[in-house]
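Asker: First, the structure itself, so that you have it in front of you.
The values are calculated or read from the model by the stated rules, or taken from the named source; none is laboratory data. The structure presented is a predicted model; accordingly, all values stated were derived computationally and were not measured. Using ideal geometry, Cβ is built from the backbone for each residue, glycine included, and neighbour counts are taken over all protein chains shown.
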Amino acid sequence: MSSSKRMVTGASAFVLAIGWVVGLAASPAHASTAELRVGGSTVIEGNGATNGSAKVSMRLSEPLASTVCVWYRTVNGSAAGAANTKINDASHDYVSRTGKFVKIPAGKVTGTISVTTLYDTEDELDENLNVVVDMVSTTTGRACNTSPDLSVTVVAGTAIVTILDDDPAPGTPTVSVGDATVAEGNAAPNGSARLGLRLSQPLATAKCVWYHTENGTATGAPNTKTHDASNDYLTRTGKTAKIPASKTVGSVGITILYDTEPESNEKLYVIIDKVSDAIGTACETAADPTVAIGRKTGTVTIVNDDGVAGTPGAPTGVTAARGQDPCTNLCGRVDVTWNPPANSGSSPITSYAVYANYGSGWFTFTSTSSTSITANCGLPAVTCAFQVAAVNAVGTGPRSDISNLVTTQNVPDPPTGATASLGSLGSPTGVVNITWTPPAQDGGSPLVEYAIYVSVDGSGFSYWSSGTSTTRSGNWGPATTVQFQVRANNSVGSSAAALSNSVTTPSPGE
C-alpha cells in the first residue's frame, strides 16, 4: 500500500529465509505429542519484472511415520492481498491464499510455505502479512484428509512475513540482505539459517557480497562441534556469497549449532561489508564503488526448542527390551529403561513422563519416579517405541530421542515339510505316519506343542492329536484316504497350517 517513508534500498522481490522452529502419527484418543512451529520471513518487495516469494519454514518436533498436510491461509496486516499475480502498482502486495496445504513427508521434520509477493516501483512503508496454520491432517494415498490429526499440536502457528520496500534512487544498483528465523534443533544434524541477498537490478558481471557475523544474544563458535549451549552458531568473517551475472538473487547460509539446553531465543546479525567483482571463481578484494549497500544488516533469530529455561535436560539411553517368556503374567511385555539427564535444571527431578507409540501414534503412557517401567504393548507382533521427559518443579523438559523399536511376541511360523506315508512293512494295514520339520521362527516365544488335524476321505479337517515331537502315527483302517494339517503353538497362539500330501491305505488283501 503506497505512502511516503524513508527509502529502503534493495531490489526485486526475494525471500530471505526463514524459520524452523521440531513421530509416528497418533490416534485421536491419544494425547497430542508432536509439535509444529512456523517461523517468520522477511522479503524484499522488488521493483523489477519478477514477483518474489516469501518462504515460511515449518518444523515438526519429531519425524512422523506418515506424511502430513499443513493447511494454511494468509491474513492481511498492513499488506493487502490480491487474487492474482498481475497487480504491480502497490495497491496490492501479495497473492492471497486460503484453504491451501503443503506436505511434510514421512520421516522428515521440515517443510516450506511459499507466498508470492508482488513487486512495484512505489516508495512506501514496509508492510506485513500473516501466514496462519489452521490444522495438520493425515493423508490417504496422495490426498490430504480434511479432518485434523490430533497427534500434532500447532504450538506456533502464525508467521509474520515482512515485505521491505526497496525503491532506491533511479540508476543506482544496490544489494540488500534479509532476515531469518530458525529452530535451534536438539539433535544432529546442525541447522542452517539462510538469508536472501538481492540486487536491485541485474548486472553484466557477477558480484561478490562480503559479509561477517556478529553476536547478539547468540554466541558464535569457531567450529561446529560444540553442542552444550555455550555457543549457538558458526562464526563467519571475511566470507563471500556470489550473485551471478544477469541475476539478482543470492543467499548467505549460517550454520546453527543444535543443543538440548532449555534457554531463551537468541539473535545474531549478518552484516554486509562490501560488494566486489567476481573474477572466475575468485572475488576481488577491492570494493566496487558502483554498487551501493541497501539493507546492510540481517537478523537471524534462533528459536529455542528445548523446553523452558530451568527445566531438566532430556534423558538419555532410552532402551526397550521384550519381556521374558513364557508370558504367564504379562503377554506383550516390554521393559523400558533410561538414564537421568546430565542437567537437572534449576531444581531436582521429581518424576519422568513416559510416552509410547504402539504403531498408531504417540500418547502419554505413564509417570514414574524411577528410571524404568514395564509396558504391555499387546499381541501379536505389535511394534512399539518410547520417549521419556524429565520433570522438575519448573516444568517438563524436552523429550529424549526415540528408543529402539521392539516387536512383541507373535505366533510361530508354520512347520515345513509335512509328509504323510504308509506304515513300514510289517505294520498293521491302516497305519499312516506323518512327519514335519519345526518352524523357522518361533515368534519370539518358545514352542509349546504341535497340533495335528486330519481329513478322512475328503471330509473337513478336525483335531486329532497334539504333542512336542515332530512325528505321529495312526491306524485309519483299510482303503481310507487321509490328509493332515500341522500347526505349531506357542504362548501367543497357533501358526498357520502346514498341509501334508494325501495317502490312501491298502484295501484288504492288497
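Asker: Among the strands (runs of 3 or more DSSP E) confined wholly to the range 14-68, which include 3 or more residues that are modelled with pLDDT of 85 or more?
Answerer: Hits in the range 14-68: 34-38, 52-60.
Asker: Quick test for you: out of 445, 455, pick the one residue that is of a type outside the set (Phe, Trp, Tyr) and either in a loop (DSSP other than H, G, I, E, B) or surrounded by fewer than 17 Cβ atoms within 10 Å (Cβ to Cβ) (or both).
Answerer: Answer to the selection: 445.
Asker: Can I ask one more? Can you tell me which residues in the range 426-449 are touching a strand residue (DSSP E or B) at 6+ places or on another chain (Cβ under 6 Å) and among the hydroxyl-bearing types (Ser, Thr, Tyr)?
Answerer: Answer for the range 426-449, where residues must be touching a strand residue (DSSP E or B) at 6+ places or on another chain (Cβ under 6 Å) and among the hydroxyl-bearing types (Ser, Thr, Tyr): 435, 437, 445.
Asker: Going by the conditions given, is residue 193 surrounded by fewer than 22 Cβ atoms within 10 Å (Cβ to Cβ) and assigned by TED's automatic domain parsing to the domain that holds residue 289?
Answerer: no
Asker: Could you check, for the range 349-360, whether at least one of its residues is crowded, with 17+ Cβ neighbours inside 10 Å, of a type outside the set (D, E, K, R), over 26 Å from the mean Cα position of the chain (by Cα) and not assigned by TED's automatic domain parsing to the domain that holds residue 63?
Answerer: So far as the range 349-360 goes, yes, one or more of its residues are crowded, with 17+ Cβ neighbours inside 10 Å, of a type outside the set (D, E, K, R), over 26 Å from the mean Cα position of the chain (by Cα) and not assigned by TED's automatic domain parsing to the domain that holds residue 63.
Asker: Is it the case that some residue within the range 463-478 is among the hydroxyl-bearing types (Ser, Thr, Tyr), in contact with a strand residue (DSSP E or B) (Cβ under 7 Å, 6 or more places away or on another chain), at pLDDT 95 or above and within 30 Å of residue 376 (Cβ to Cβ)?
Answerer: Checking the range 463-478: at least one residue is among the hydroxyl-bearing types (Ser, Thr, Tyr), in contact with a strand residue (DSSP E or B) (Cβ under 7 Å, 6 or more places away or on another chain), at pLDDT 95 or above and within 30 Å of residue 376 (Cβ to Cβ).
Asker: Further question on the same structure: Looking at this structure, is residue 154 modelled with pLDDT under 90, aliphatic (A, V, I, L, M) and surrounded by 19 or more Cβ atoms within 10 Å (Cβ to Cβ)?
Answerer: In short, yes.
Asker: Also: Can you tell me which residue in the range 225-257 is surrounded by the fewest Cβ atoms within 10 Å (Cβ to Cβ), limited to those that are part of a loop (DSSP other than H, G, I, E, B) and in contact with a His (Cβ under 8 Å, 6 or more places away or on another chain)?
Answerer: 238
Asker: Enumerate the pairs (first residue in the range 205-232 and more than 29 Å from residue 173 (Cα to Cα); second residue anywhere and part of a loop (DSSP other than H, G, I, E, B) and hydroxyl-bearing (Ser, Thr, Tyr)) with beta-carbon separation below 6 Å, excluding pairs fewer than 6 apart on the same chain, so at least 6 apart or on different chains.
Answerer: 220/235; 227/258; 231/219; 232/219
Asker: Here's a follow-up. List every residue pair whose Cβ atoms sit under 7 Å apart, with the two residues 6 or more apart in sequence or on different chains, where the first one lies in the range 377-394 and is on the phi > 0 side of the Ramachandran plot and the second, anywhere, is assigned to a strand (DSSP E or B).
Answerer: Close Cβ pairs (under 7 Å, with a partner that is assigned to a strand (DSSP E or B)) amount to 381/407.
Asker: To continue, here is another question. For the range 258-276, enumerate the residues that are part of a loop (DSSP other than H, G, I, E, B), surrounded by fewer than 20 Cβ atoms within 10 Å (Cβ to Cβ) and charged (D, E, K, R).
Answerer: 263, the sole residue that qualifies.
Asker: Then there's this: Condition test on residue 312, is it crowded, with 19+ Cβ neighbours inside 10 Å, outside any strand (DSSP E or B), over 22 Å from the mean Cα position of the chain (by Cα) and not hydroxyl-bearing (Ser, Thr, Tyr)?
Answerer: Against the criterion (crowded, with 19+ Cβ neighbours inside 10 Å, outside any strand (DSSP E or B), over 22 Å from the mean Cα position of the chain (by Cα) and not hydroxyl-bearing (Ser, Thr, Tyr)), residue 312 qualifies.
Asker: So, of the residues in the range 379-406 that are in a loop (DSSP other than H, G, I, E, B) and among the β-branched types (Val, Ile, Thr), which turns out to be surrounded by the fewest Cβ atoms within 10 Å (Cβ to Cβ)?
Answerer: 394
Asker: Which residues, taken from the range 122-164, are under 16 Å from residue 74 (Cα atoms) and assigned to a loop (DSSP other than H, G, I, E, B)?
Answerer: 157
Asker: Give the number of residues within the range 160-179 that are modelled with pLDDT of 90 or more and of a type in the set (Gly, Ala, Ser).
Answerer: 2
Asker: Just wondering, is there one or more residues in the range 93-110 that are in the same structural domain as residue 154 (by TED's automatic domain parsing), touching a Ser or Thr at 6+ places or on another chain (Cβ under 8 Å), within 13 Å of residue 38 (Cβ to Cβ) and modelled with pLDDT of 90 or more?
Answerer: Yes.
Asker: Have a look at 418, 488 and point out the one that is over 30 Å from residue 321 (Cβ atoms) and either in a strand (DSSP E or B) or among the aliphatic types (A, V, I, L, M) (or both).
Answerer: 418
Asker: Of the conditions (1) modelled with pLDDT under 90; (2) touching a Leu at 6+ places or on another chain (Cβ under 9 Å), residue 357 clears all except one; give me its number.
Answerer: (1)
Asker: If you don't mind, another one. Checking the condition under 30 Å from residue 318 (Cα atoms), of a type outside the set (D, E, K, R) and outside any strand (DSSP E or B), which residue from 412, 439 passes?
Answerer: The conditions single out 412.
Asker: List the number of the failed condition for residue 447; all other conditions in (1) modelled with pLDDT under 95; (2) over 22 Å from residue 378 (Cα atoms); (3) under 50 Å from the mean Cα position of the chain (by Cα) hold.
Answerer: (2)
Asker: Here is a follow-up. Out of the residues in the range 340-378 meeting the condition of being aromatic (Phe, Trp, Tyr) and part of a strand (DSSP E or B), tell me which one is farthest from residue 404 (Cα to Cα).
Answerer: The selected residue is 352.
Asker: Touching a His at 6+ places or on another chain (Cβ under 9 Å) and β-branched (Val, Ile, Thr): which single residue out of 293, 279, 271 fits that description?
Answerer: 271
Asker: Has the range 320-337 got any residue that is in contact with an Asp or Glu (Cβ under 8 Å, 6 or more places away or on another chain), of a type in the set (A, V, I, L, M, F, W, C) and in the same structural domain as residue 47 (by TED's automatic domain parsing)?
Answerer: no
Asker: Is it the case that some residue within the range 316-323 is assigned to a loop (DSSP other than H, G, I, E, B) and either within 27 Å of the chain's Cα centre (by Cα) or within 30 Å of residue 373 (Cα to Cα) (or both)?
Answerer: Among the residues of the range 316-323, at least one is assigned to a loop (DSSP other than H, G, I, E, B) and either within 27 Å of the chain's Cα centre (by Cα) or within 30 Å of residue 373 (Cα to Cα) (or both), which makes the answer yes.
Asker: Taking the range 165-190 as the search range and keeping residues that are of a type in the set (S, T, N, Q) and in a loop (DSSP other than H, G, I, E, B), which one is surrounded by the fewest Cβ atoms within 10 Å (Cβ to Cβ)?
Answerer: 172
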